[in-house]
1. Quick check on my filter: what residues within the range 49-90 are among the aliphatic types (A, V, I, L, M), in contact (Cβ under 8 Å) with a residue 24 or more places away in the chain and outside any loop (DSSP other than H, G, I, E, B)?
2. For residues that are among the aliphatic types (A, V, I, L, M) and touching a Gly at 6+ places or on another chain (Cβ under 9 Å), tally how many sit in the range 110-159.
3. Taking helices (runs of 4 or more DSSP H) that fall entirely within the range 122-188, which contain at least 2 residues that are without any contact (Cβ under 8 Å) to a residue 24 or more places away in the chain and either more than 13 Å from A103 (Cα to Cα) or more than 20 Å from the chain's Cα centre (by Cα) (or both)?
4. Residue by residue through the range 253-295, note down the ones that are farther than 30 Å from A33 by Cα and surrounded by fewer than 19 Cβ atoms within 10 Å (Cβ to Cβ).
5. Based on this model, can you work out whether I206 counts as out of contact with any strand residue (DSSP E or B) (no Cβ under 7 Å at 6 or more places or on another chain), over 26 Å from E245 (Cα atoms) and in contact (Cβ under 8 Å) with a residue 12 or more places away in the chain?
6. Checking the conditions here, which among I168, I226, I182, I214 is modelled with pLDDT under 90 and surrounded by 19 or more Cβ atoms within 10 Å (Cβ to Cβ)?
7. Within the range 214-266, work out how many residues are in contact with a Ser or Thr (Cβ under 8 Å, 6 or more places away or on another chain) and of a type in the set (S, T, N, Q).
8. Just give me the residues in the range 238-250 being surrounded by fewer than 23 Cβ atoms within 10 Å (Cβ to Cβ) and in contact (Cβ under 8 Å) with a residue 40 or more places away in the chain, in sequence order.
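The values are calculated or read from the model by the stated rules, or taken from the named source; none is laboratory data. For clarity, every value in this text was computed on a predicted model and none was experimentally measured. Cβ: placed from backbone, ideal geometry, glycine included. Neighbour counts: every protein chain shown.
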Amino acid sequence: MNQVNIGTNKIVKKKKSSQLIEIWKRLKKNKLALVGLSIIIILVLVAIFADFIAPYPYAKQNLQATFQFPSSKHFFGTDEFGRDIFSRIIYGSRISFEVGFIAVSIAVVVGGILGAMAGYYGGKLDNLIMRSMDMLLAIPQILLAISIVAALGPGLANLMIAVGISSIPGYSRIVRASVLSIKDQEFVEAARAAGSSNTRIIFKHIIPNVLAPIIVQATLGVALAILTAAGLSFIGLGIQPPTPEWGSMLSGGRGYIRDYWYMTMFPGLAIVVTIFALNVLGDGLRDALDPRLKN
């Protein structure tokens, strides 16, 4: 019996490995998605090793070097306090990705569980969960995030919670739709006939089979989370100075945009490049994970 189980596990692992290889081959055909993936990898490495890459501490002030234009000493110039903008953008990437990944993780876990429960059990529980999600969807995501941050107060932790909660409805609807399409298939019926509990069926058999749309949505969701966090910081409800965050850097530089354009251009470019890379990567993953596109 143990030999049979070992053999079955090997077959399952080999099948999953072949599926990953096939997905990677399909993703490699999309050159734009590979460009996005390369940019994201570089930005993540920059965020991880910011302490070694940044030439100056992000909060170091030099009042004798304020408003310096980009040069060999300060690649992106300095701000009104003489702080190196290049260093602050590098450290800001750490904040942006931290907010994006943690906020999306909150939304995926909570929204995924709620959507799986709604789709699997149906009935009154489905109506209760989805009507609650519809109420949240009736409020624009940015306004919902602003309301939550205004209630909790500005700060990194509250910003991640606000962005995560405002993103939950989208993931719950995606997971619910996917669960409804597979909950009556043979492998689920076989697990139910074998005596598996509903919890085991949901987490062991159903959720692993609905990961593809979740992965795509999460990739695009990180971009939206970073953009939402930047917007909240821009209006003063997100990350507070002197902690560097691209949105707050834009807000700080807008008063000097006529004379010192670089103070807003470089943080803005950082946001644009990051959102572009995540969006094209998300589109590429959607195509690679879509079974209808298989040859």
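1. Of the residues in the range 49-90, the ones among the aliphatic types (A, V, I, L, M) are 50, 53-54, 59, 63, 65, 85, 89-90.
With the extra rule that they be in contact (Cβ under 8 Å) with a residue 24 or more places away in the chain, the set shrinks to 50, 53-54, 59, 85, 89-90.
Within the range 49-90, A50, I53, I85, I89, I90 meet the criteria.
2. Step one: list which residues in the range 110-159 are among the aliphatic types (A, V, I, L, M), which gives 110, 113-114, 116-118, 125, 128-130, 133, 135-139, 142-146, 148-152, 156-157, 159.
Then drop every residue that is not touching a Gly at 6+ places or on another chain (Cβ under 9 Å), which leaves 110, 129-130, 133, 137, 142, 145-146, 149, 156, 159.
Qualifying residue count for the region: 11.
3. Working: elements: 123-137, 141-152, 156-182.
Qualifying helices (runs of 4 or more DSSP H): 123-137, 141-152.
4. R254, G255, Y256, I257, R258, D259, W261
5. Values: out of contact with any strand residue (DSSP E or B) (no Cβ under 7 Å at 6 or more places or on another chain): yes; over 26 Å from E245 (Cα atoms): yes; in contact (Cβ under 8 Å) with a residue 12 or more places away in the chain: yes.
Taking the combined requirement at face value, the residue satisfies it.
6. On the way: I168 fails: modelled with pLDDT under 90; I226 fails: modelled with pLDDT under 90; I182 fails: surrounded by 19 or more Cβ atoms within 10 Å (Cβ to Cβ).
Exactly one of I168, I226, I182, I214 is modelled with pLDDT under 90 and surrounded by 19 or more Cβ atoms within 10 Å (Cβ to Cβ), namely I214.
7. Number of matching residues: 5.
8. Filtering the range 238-250 down to residues surrounded by fewer than 23 Cβ atoms within 10 Å (Cβ to Cβ) leaves 240-243, 250.
The answer is Q240, P242, T243.
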